[in-house]
Amino acid sequence: ENDGKIGAVYYYKRTDEGDQYSSLQKIRPQDGGSSADEFGGELSVDGKFMAVGTYEQVNAKVYIFALDDDDIWKKVAKVDAPSKNHTYFGTDIELMGDNLLVSYWGDWMKRNEESFMVCVLRFLRWN
């Protein structure tokens with residue numbers, strides 16, 4: 001499985017007793033491969049939507065899932081980094097209604113290791 005780097009998000013639901021959780025779903029990206037490395041490194045949930053990031057230096061993506069009426073998370077969108085200069089795209093993500101905030105590092109991090117990490121936020125819309 002790509003050297004074991006492909007991650008997963010596990011969805012649990014509290015049982016009727018309220019003190020236990022049952023596993024409902026193992027969520028993985030459907031495209032697999034290197035673009036899914038370390039899937040689940042960052043996630044954000046807003047209502048019935050969930051954003052899941054892949055913590056990769058290059059080719060990182062953020063996947064958007066929607067929870068259907070049967071309590072199943074289904075992929076509804078995939079957001080690619082705007083360019084290869086957006087290294088570690090999806091280091092932090094946050095869903096806010098129809099907007100997705102995504103942070104990334106720039107190429108300058110490679111040249112200046114003593115600098116503080118600066119996250120640039122970008123608004124993206126998936127529906």
- Message: Could you tell me the calculated FRET efficiency between Ser83 and Gln30, based on Cβ-Cβ distance and R0 = 25 angstrom, to the nearest 0.05?
- Response: 0.55
- Please give the contour-minus-distance gain from Asp98 to Arg14: 0.36 nm per residue of separation, less the Cα-Cα distance, rounded to one decimal in nm. 27.5 nm
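Taken together, the values in this text are just the output of simple stated rules run on the coordinates, not laboratory data. Remember, it's a predicted structure, so these values are computed and weren't measured experimentally. Here Cβ is always computed from backbone atoms with ideal geometry, including for glycine, and neighbour counts include all displayed protein chains.
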